[in-house]
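One structure below.
The values are calculated or read from the model by the stated rules, or taken from the named source; none is laboratory data. Here the structure is a predicted model, which means the values were calculated and not measured. Virtual Cβ from ideal backbone geometry, glycine too; neighbours counted across all protein chains shown. Keep in mind that these areas ignore ligands, DNA and RNA; they rest on the heavy atoms of the full protein, side chains included. Shrake-Rupley method; radii C 1.70, N 1.55, O 1.52, S 1.80 Å.
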Amino acid sequence: MSEKIAPQDTCVLVTGGAGFIGSHTVVELLTRGYQVVIVDDLSNASAKVMDRIKTIVGEPAAANLTFYEADVNDRAALAKIFDEHRPSRVIHFAGYKAVGESVSKPIEYYANNIGNTLTLVDVMREHGCKSIIFSSSATVYGDPDSLPLTEESPKKPATNPYGWTKWMIEQILTDLHTADPEWNVVLLRYFNPIGAHPSGLMGEDPKGIPNNLVPYVAQTAIGKRDAVHVFGDDYDTPDGTGVRDYIHVCDLASGHAAALAWMNGRTGVEVFNLGTGTGTSVLEIIKAFSKACGHEIPYVVDPRRPGDVTANYADCSKARDLMGWEAKFNIEDMCRDSWNWQSHNPDGYEG
Ligand code: UD1
């Protein structure tokens, strides 16, 4: 057993805490009374999110947030932050995440994602901090043999370097626990996070042309893009388009808080799917978003995107049974909140 600590006495270091999922998770943690230290190099995030987080949580929780602009690969900077704050838990979000880019930049992806994880866990070990929650992905399941996906479903070879980094980091953290059973590792496999904070103050802010469906739909809805490109309508699904398990980013955030509470006082390695258990097609997303924004969203059908699977959705009963966590928001809520964010912040945080 590791030491059990109350939230107000727990300092959680959050790498990548200025990013999309990270920032929503930080709000959830501050609201629950944790002390939070964000380490983010802002390579794919904005410092402006700090003020938004503080506005949402208000005082006194806002005073429990500290932000360092630093790269997790910068060992000296990270060690200094650990010396200063002595965090007892780490949530590790920081990493590159564009699938297509990872194919053309494998060295950068492996060096950054795996390199920063190795630096992080080494610094953690040196400071006696052995509890980590890692942002993994349903991508580790590859093309599934059967649905829904449970945590027991086999991991499949990844189809791109981004996916391999998630796959390998899961293995690295598992090996760490084998070598030293005092480690406490939670691997959270996210399905497709979308939505935004209901306040409209925080949301996804992709740089350049969005790779993922919902940010692209949102930018089309606001008129920045001409039409959504539907990647294939000849899949073996009810309407022929790809099916995914979309989850509201606030549900994902509460999943991290649930994991933090659950891992308190434990050791071991545990994997949890974080999804809703419901599959939604590309056309259903376009329809739901059209309803949220109040006008039709144009789309064209393109060929399938290489590497895409037909369908995936999660069985989330393990997270419910062990951590007492369940997703609360449906697709309508997710599209409403994405639209609220997009329409109030057409140019993201820098607008
Ligand atoms: C992708 C990654 C996954 C990663 C996740 C992060 C791949 C193969 N997988 O998931 O590893 O963890 O993002 O959020 O890239 N679609 C369109 N038009 C678009 C964009 C997407 O039709 O412009 C379709 C896709 O074919 C798919 C669905 O929308 O059926 C969702 O795509 P996307 O949002 O990119 O997520 P995933 O591919 O599921």
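Could you work out the equivalent-ellipsoid semi-axes for the stretch 1-89, taking the square root of 5 times each eigenvalue of the Cα gyration tensor, largest first, in whole Å?
Working through the eigenvalues yields semi-axes of 19, 18, 10 Å.
Any lysines with Cα under 20 Å of the LYS4 Cα? List them, leaving off those in the same chain fewer than 8 positions away.
By straight Cα distance, LYS4 reaches LYS130.
For LYS287, go through the aspartates and glutamates and keep the ones whose alpha-carbon is under 12 Å away, minus same-chain ones fewer than eight residues off.
Cross-link targets: GLU296, GLU332.
Rounded to the nearest 0.05, what FRET efficiency is calculated for GLU296 and ASP74 with R0 set to 56 Å and r the Cβ-Cβ distance?
Using R0 = 56 Å, I get an efficiency of 0.70.
What translational D, rounded to a whole number of µm²/s, comes out for the chain from Stokes-Einstein when the hydrodynamic radius is the Kirkwood one over Cα pairs, at 20 °C and 1.002 mPa s?
105 µm²/s
How would you order 328-336, 54-62 from highest to lowest mean count of nearby Cβ atoms within 10 Å?
Per-residue Cβ counts within 10 Å, averaged per peptide and sorted highest first, yield 328-336, 54-62.
Per residue, what volume in Å³ does the convex hull of the Cα atoms of the stretch 46-154 enclose?
Residue-normalised Cα hull volume stands at 164 Å³.
So for each of 319-325, 94-100 I average, over its residues, the number of other beta carbons within 10 Å; can you give me the resulting order with the highest mean first?
Order by mean packing, descending: 94-100, 319-325.
When only Cα pairs under 8 Å and 6 or more residues apart are kept, what is the percent relative contact order across the chain?
20 percent.
So what does log10 I(q)/I(0) come out to for the stretch 299-347 at q = 0.14, 0.20, 0.31 Å⁻¹, using the Debye formula with one equal point on every Cα and no solvent?
So the normalised log intensities work out to -0.72, -0.95, -1.04.
Rounded to the nearest 500, what is the chain's calculated 222 nm mean residue ellipticity when only DSSP H runs of at least 4 contribute -39500 (n - 2.57) each, over all residues?
Helix-only estimate at 222 nm: -10500 deg cm²/dmol.
How many percent of DSSP beta bridges within the chain run antiparallel, rounded to 5?
5 percent
What number comes out for the charge environment of MET323, summing +1 per Lys or Arg and -1 per Asp or Glu over other residues with Cβ under 13 Å away?
Numbers: positive: ARG266, LYS318, ARG320; negative: GLU151, ASP251, GLU270, ASP321, GLU326.
Charge balance in the 13 Å sphere: -2.
Mean-square fluctuation check for the chain, GNM, Cα pairs under 10 Å: which of VAL103, VAL230, VAL243 is largest?
Taking springs between Cα atoms under 10 Å, the residue moving most is VAL103.
Hey, if we sort GLU84, GLU170 by accessible area with the 1.4 Å probe, largest down, what's the order?
Reading off the accessible areas and sorting them downward yields GLU84, GLU170.
Over 25 Å between Cα atoms, which of LYS166/LYS318; LYS166/LYS224; LYS54/LYS291; LYS48/LYS97 qualify?
As for pairs spanning more than 25 Å Cα to Cα, those are LYS166/LYS224; LYS54/LYS291.
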